Amino acid sequence: MLATSTRIALADPESVLRPLCAHLVEHEAVISEQEGATVIVLDASRARIGLSAAALDVTVEAPDVAALQEMKRAIASHVIEFAPKGAAPEMRWVGDGTGPALPADFRVLAVTGVETITPHMRRIRFRGENLARFDKIDALHVRLFIPPEGVTAPSWPMVGDDGLLLQPPAESRPIVRKYTIREIDSAAGTLAVDFVLHEDAGPGSAFAMRAKTGDLVGMGGPGGRGLKTAERYVFLADETGLPAAARMLENLPPEAVGQAFFEVANAGEEQPLRHPAGIAVTWLHRGDAAPGSLPLLQEAFAALDWQAEGPATYLWAAMEHGGFREIRAAARGKLRPERDQHLVVSYWRNGATDEEHVAAKKAEAAKA
Ligand SMILES: Cc1cc2nc3c(=O)[nH]c(=O)nc-3n(C[C@H](O)[C@H](O)[C@H](O)COP(=O)(O)OP(=O)(O)OC[C@H]3O[C@@H](n4cnc5c(N)ncnc54)[C@H](O)[C@@H]3O)c2cc1C
């Protein structure tokens, strides 16, 4: 195990420790009192927090640098969040993994090639080092850090002495967008991402339009949940969910059965997919209508015969927010209520940038 520690001076440390523990429990931390200290266990990492009249004494232990950084960041960011306004508690970690460093879950990728899959889908190939942690079928998604146009020597976020992320100055700060690893060969140090080229292009789509060999992006992650093993499968996705669904289809056992529905603009946007013979693929065309404006995927879901599908069918769906809301509500009504029988996710929101989409989702969750 790696270990690092810090003392955080606070006027009323208990008033910070209490909400910090309550919050981390929501993130599935297990918390106990041991020998006069609070012990927080999160996955394979553990933090021991001693409480005195004017400080928290924190020691973090974790199996690797990524987990160590994650636990430090969880403690540091929540101490700041729950400290009184204007208190600005200081912390300087000593021990393993200290000093400004790139986040351990971060890689720099260089573009090696650009392919046109369809008129509105572009595959960008990248080369990077040490990609093994990204080579997983149950964690397909990454955050891409896209430098502003024209910046050839980008600055990347760094983990500071205080355990928090130091962001580069605003003018050179990369913009973060979520994408799916469509193909990866970690031994060869290569991967590919399929980008939708859309109207009102934000940083992600604009990068895909201009990308050329040698351009750099950052990549953090991976994240997301994998496909559950099931007797039958139903996939529903628009173009943004297509790369993930396509990769999952490729990795299903040959005897897998089910149905997949993909919404695209027209026949020219269909792409060849490798999938088990028992999975029937249907392309839904929205024609000239704007993406996310027609209920094609909702109708495909509504037309499914769930009696015939049976209780052992797993639903995976990813699309624009409006479709996501309707399909999630319908899925909760029709399928068994257990959360692990379906994964319905909102990948983007009409009229909102990704930052606005994330903020709206947080506000909706808080309201709920
Ligand atoms: C887990 C996850 C995985 C994803 N994987 C992929 C992937 O592999 N490939 C992929 O292309 N996308 C993927 N997406 C979706 C992608 O992150 C969003 O589409 C993102 O908004 C694109 O960023 P942008 O900078 O191009 O546009 P933004 O700056 O976010 O938005 C600018 C404008 O474009 C609109 N817009 C955004 N996306 C679309 C779209 N697809 N069609 C039409 N209008 C749009 C917005 O509503 C907004 O008005 C994924 C999303 C998630 C959450």
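The values are calculated or read from the model by the stated rules, or taken from the named source; none is laboratory data. Since we're looking at a predicted model, the values are computed, not measured. Quick reminder, even Gly has a Cβ in these numbers, built from the backbone with ideal geometry, and neighbours come from all protein chains shown.
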Original post:
Are there any pairs with C-beta distances below 8 angstrom linking a residue in the stretch 201-212 that is over 15 Å from T116 (Cα atoms) to a residue that is within 8 Å of the ligand (Cβ to nearest atom) and of a type in the set (K, R), with the two at least 6 apart or on different chains, and if so which?
Top reply: G202/R177; P203/R177; G204/R177
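Name the residues in the stretch 124-139 that are within 26 Å of K212 (Cβ to Cβ) and not aromatic (F, W, Y), would you? Even if it seems obvious, please write down each step before you answer.
Looking only at the stretch 124-139, we keep the residues that are within 26 Å of K212 (Cβ to Cβ), and these are 124-131, 134-135.
Listed by number, the residues that qualify are I124, R125, R127, G128, E129, N130, L131, D135.
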Original post:
Here are some conditions: (1) exposed (fewer than 15 other Cβ atoms within 10 Å of the Cβ); (2) away from the ligand (no atom under 15 Å from the Cβ). A330 meets all but one. Which one does it not meet?
Top reply: (1)
Subject >> Residues satisfying the stated conditions in the stretch 312-327, i.e. small (G, A, S), surrounded by 12 or more Cβ atoms within 10 Å (Cβ to Cβ), touching a residue at least 60 places away in the same chain (Cβ under 8 Å) and more than 9 Å from the ligand (Cβ to nearest atom) >> reply: A317, G323
Original post:
Which of the residues belonging to the stretch 343-363 are near the ligand (Cβ under 10 Å from one of its atoms), part of a helix (DSSP H, G or I) and exposed (fewer than 12 other Cβ atoms within 10 Å of the Cβ)?
Top reply: E356
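Kindly provide the set of residues from the stretch 253-271 that are part of a helix (DSSP H, G or I) and buried (at least 18 other Cβ atoms within 10 Å of the Cβ), ordered by number. Spell out how you get there, then give the answer.
Our first condition is that a residue be part of a helix (DSSP H, G or I); within the stretch 253-271, this holds for 267-269.
Residue satisfying the conditions is E269 alone.
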Subject >> Single unsatisfied condition, S293 versus (1) in a loop (DSSP other than H, G, I, E, B); (2) of a type outside the set (V, I, T); (3) crowded, with 17+ Cβ neighbours inside 10 Å; (4) within 16 Å of the ligand (Cβ to nearest atom) >> reply: (3)
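For a quick check of your reading: which strands (runs of 3 or more DSSP E) sit entirely within the stretch 1-89 and have at least 3 residues that are in contact with a Phe, Trp or Tyr (Cβ under 8 Å, 6 or more places away or on another chain)? Full working, then the answer.
Numbers: elements: 2-9, 30-34, 37-42, 45-51, 55-62.
It comes to 2-9.
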Original post:
Is the stretch 107-118 home to any residue that is surrounded by fewer than 19 Cβ atoms within 10 Å (Cβ to Cβ) and part of a loop (DSSP other than H, G, I, E, B)?
Top reply: no
**OP:** Being within 15 Å of the chain's Cα centre (by Cα), more than 7 Å from the ligand (Cβ to nearest atom) and buried (at least 16 other Cβ atoms within 10 Å of the Cβ) is the filter; apply it to the stretch 176-223 and report the residue that is farthest from A101 (Cα to Cα).
**Re:** I181
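Which of the residues spanning the stretch 4-22 are among the polar types (S, T, N, Q) and within 21 Å of Q69 (Cα to Cα)?
Within the stretch 4-22, T4, S5, T6 meet the criteria.
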**OP:** Consider only pairs whose beta carbons are under 8 Å apart and that are at least six residues apart or on different chains; among these, list those whose first residue lies in the stretch 1-15 and is within 14 Å of G50 (Cα to Cα) and among the acidic types (D, E) and whose second residue is modelled with pLDDT under 95 and surrounded by fewer than 15 Cβ atoms within 10 Å (Cβ to Cβ).
**Re:** D12/P84
